[in-house]
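**Student:** Just dropping this structure here.
The values are calculated or read from the model by the stated rules, or taken from the named source; none is laboratory data. Everything numeric here is computed off the predicted structure, so don't read it as measured data. In this analysis, Cβ positions are derived from the backbone assuming ideal geometry, glycine residues included, and neighbour counts consider all displayed protein chains. When the accessible area is computed, the model is the full protein with side chains, heavy atoms only, and any ligands, DNA or RNA have been set aside. Shrake-Rupley method; radii C 1.70, N 1.55, O 1.52, S 1.80 Å.
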Amino acid sequence: MESLSQQLERFSEVLAVSRTAHVRSWDPATVRRALQWARYLRHVYRRFGRHAGIRLALERRLQDRWRREDGSGPAAFSGLTNFRALGHCDLLLSQRLLGNRALGDAAFRCLLQQLCPGPGVQDAEEETLQDSLALLARRRAAVHLLRASGLGENPAARRDPLVETQAELLLRRLQEVGEAGAEGPRGLLSGLWARGPQNSFLEVIAAALLLPPSSPPGPPQKELELESPQAPGEGRHELVQWLLGQADTMAAFCHSLPAGLLTSVVGRHPELFQVYLGLLTDWGRRLHYDLQKGVWVGAEAREGPWEELYSRFQSLCQAPSPLKDEALRALETCKAQDGGFEAPGLSIWTDLLSALGSGA
């Protein structure tokens, strides 16, 4: 019992430090150890939560500590204040570190990797930190949905709340590192892209580019309190410029994400539209007609099939002007350059226009 009490006291000190400038000295290994410690204490909470004697003893130890540290009460104490706090101490630690601008870039990237590991096998008996963040994100999204009118027509209702929360965090971080110069945002984004998982990161980028503009900040919110989410800082310009400067990343962005999502992004950011349209036409030029199968196929396995290319043009042509007009104009131009054939199977542009016209 004494050893466990000492563990609680030491982690309480770590939790208190996580809100201060002292985290400037934390490296990735320190972040990982702190989160592992927090997860261990959450396990302690689950194991002894129904053991009245142990729970009461640990509760008294924590109360004695915050009384020694600050006689004004637990509200003014930044460490653990009660046994119940152990149940979400990893989430509390993560929130404090995410909001602490003193945390270094390497440590912050490590924190994001710990919070957003991407798809993988999870222990069915252990709720992961990502699960906790997802639950919090869903609660925050619920506030948006309840306040929004026309719920059935609101595209936000169809988005993943966890991805949107990650997007808000990314924009805030881009704003912070942007104060150090242009290399800050580029370095942060390149580092996150290199460390993966890349498909998940692309989804976060798209969500960040679709978040509404920032609004004036309201009054400060309490940790873990269910309130209207604070608007993210401006970072969309840095995201767009980074995508435009990374040809391979931009190609993956346009090939991997759903057609409707891409149409929404390029409709919001016109500087991406011409690049997207150019990638689609290059994609079409790499396809050839397979006479035996009667379909357009790619020369390499990595080339997307005809159906994916068609769905992207279809989505653009269902969008308002100028997206629709520009997409149709590009198809007509490519058809003319290809010989202006009308018979099927001779020009992919003819077949695309025919399919779009018939709604196939």
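**Student:** May I ask you to verify whether residue 53 is modelled with pLDDT of 65 or more, over 27 Å from residue 171 (Cα atoms) and either assigned by TED's automatic domain parsing to the domain that holds residue 187 or among the small types (Gly, Ala, Ser) (or both)?
**Tutor:** yes
**Student:** Tell me, yes or no, whether region 82-94 has at least one residue that is assigned to a helix (DSSP H, G or I), at pLDDT 70 or above and under 30 Å from residue 186 (Cβ atoms).
**Tutor:** yes
**Student:** Let me ask something else. Condition first: open to solvent by 30 Å² or more (accessible area, probe 1.4 Å) and in contact (Cβ under 8 Å) with a residue 12 or more places away in the chain. Now tell me which residues in region 253-273 satisfy that.
**Tutor:** Once the filter is applied, which keeps residues that are open to solvent by 30 Å² or more (accessible area, probe 1.4 Å) and in contact (Cβ under 8 Å) with a residue 12 or more places away in the chain, region 253-273 yields 255, 256, 260, 261, 264, 267, 268, 271.
**Student:** Something else now. Which one is least open to solvent (accessible area, probe 1.4 Å), of the residues in region 283-298 that are within 18 Å of residue 349 (Cβ to Cβ) and assigned to a loop (DSSP other than H, G, I, E, B)?
**Tutor:** So, considering only residues that are within 18 Å of residue 349 (Cβ to Cβ) and assigned to a loop (DSSP other than H, G, I, E, B), the one least open to solvent (accessible area, probe 1.4 Å) is 294.
**Student:** Looking at residue 327, is it in contact with a Cys (Cβ under 6 Å, 6 or more places away or on another chain) and more than 27 Å from residue 175 (Cβ to Cβ)?
**Tutor:** Yes, satisfied.
**Student:** Among the listed residues 308, 326, 332, which satisfies the condition of being open to solvent by 40 Å² or more (accessible area, probe 1.4 Å), modelled with pLDDT of 85 or more and closer than 13 Å to residue 259 by Cβ?
**Tutor:** 308
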